[in-house]
């Protein structure tokens, strides 16, 4: 009886060890493919709601396909291409207007690029602001194939801010969506940059929460894979990802803030947005909600509301 029990225990422990190794191998692969872009010939994985059950199972074991984001169009207005050197060499488009009120820097989300910001840039130009559209590392014309979901991108926000200061710009505003919003919050908190104001869309609360949201969209339990994915994603990219916490970064923001959120967003919860809004270290803050919008470009679905909200906010800055 003792021999049978010992044999069962050894098999059980061996099975647990095999499962542990398998889960970690899968997490390592997932984390790498999520944070490193592939060639442009790779077809991007569809959103969770568009995948069949078989495709979802494939993604769970092999990870997502992330082709390197590329700029699909150019500004219609005259512009200057600027290379800014920081922790990476990044490419920007600088568009100027006559007698500008200042310059708005625009930062894209995960898997995006600066050409996706052109419609928003046009709205800021109409309001009398220069715009600097930025490709984060790994995207468009910038260096590398890596993304850290806003962590090291914050260094690039600071590099762009420093560049505009060297150009003599005194009135610098920041706009960011999703990952771009997170990078802005971290840049202000970590590096002490002091923009006149910021406009941010749908920043996530923590790295762990945004990974959990993606698992829930696949109808998959978050434990233990979400934690393993965050752990290995940080290890592979050189930082402690569990500490990537926009909720906390918000406390370092002292300038006026316009925070925008789509109430149908499955990637970022209203709870995360409310926490970030409450934690903002300024009383000069506004929250605008778009009832039927998800994690998307609000300007497409709510053009009139978005432009009005931005215009009204900026009027308070003049």
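The values are calculated or read from the model by the stated rules, or taken from the named source; none is laboratory data. Predicted, not measured: the structure shown is a model, and the values here were computed from it. As a convention, Cβ positions derive from the backbone with ideal geometry for all residues, glycine included, and neighbour counts pool all protein chains shown.
Residue pairs whose Cβ atoms lie under 8 Å apart, sitting 6 or more positions apart in sequence or on different chains, and linking a residue in region 297-311 that is surrounded by fewer than 15 Cβ atoms within 10 Å (Cβ to Cβ) to a partner that is assigned to a helix (DSSP H, G or I), are 300/119.
Quick one: is residue 318 more than 25 Å from residue 125 (Cβ to Cβ), surrounded by fewer than 16 Cβ atoms within 10 Å (Cβ to Cβ) and either touching a helix residue (DSSP H, G or I) at 6+ places or on another chain (Cβ under 9 Å) or at pLDDT below 95 (or both)? Spelling it out, it is not the case that residue 318 is more than 25 Å from residue 125 (Cβ to Cβ), surrounded by fewer than 16 Cβ atoms within 10 Å (Cβ to Cβ) and either touching a helix residue (DSSP H, G or I) at 6+ places or on another chain (Cβ under 9 Å) or at pLDDT below 95 (or both). Examine region 227-249 for a residue that is touching a helix residue (DSSP H, G or I) at 6+ places or on another chain (Cβ under 9 Å), surrounded by fewer than 24 Cβ atoms within 10 Å (Cβ to Cβ) and within 18 Å of residue 117 (Cα to Cα), and state whether such a residue exists. Scanning region 227-249 turns up no residue that is touching a helix residue (DSSP H, G or I) at 6+ places or on another chain (Cβ under 9 Å), surrounded by fewer than 24 Cβ atoms within 10 Å (Cβ to Cβ) and within 18 Å of residue 117 (Cα to Cα). Checked across region 301-311, the condition of being under 19 Å from the mean Cα position of the chain (by Cα) and closer than 21 Å to residue 176 by Cβ holds for no residue.
The single residue among 144, 116, 112 that is touching a residue at least 60 places away in the same chain (Cβ under 8 Å), within 18 Å of the chain's Cα centre (by Cα) and in a loop (DSSP other than H, G, I, E, B) turns out to be 112. Residues that are in contact with a helix residue (DSSP H, G or I) (Cβ under 9 Å, 6 or more places away or on another chain), under 18 Å from residue 284 (Cα atoms) and either in a strand (DSSP E or B) or at pLDDT below 95 (or both): does region 161-172 have at least one? Yes. Would you call residue 189 under 11 Å from residue 249 (Cα atoms), at pLDDT 95 or above and surrounded by fewer than 23 Cβ atoms within 10 Å (Cβ to Cβ)? Yes. Residues that are over 14 Å from the mean Cα position of the chain (by Cα) and more than 27 Å from residue 130 (Cβ to Cβ) number at least 1 in the following helices (runs of 4 or more DSSP H) confined to region 173-269: 207-217, 225-237, 246-249. Inspect region 10-17 for any residue being over 15 Å from residue 140 (Cβ atoms), modelled with pLDDT under 85 and either touching a strand residue (DSSP E or B) at 6+ places or on another chain (Cβ under 7 Å) or not in a loop (DSSP other than H, G, I, E, B) (or both) and give the result as yes or no. No: zero hits.
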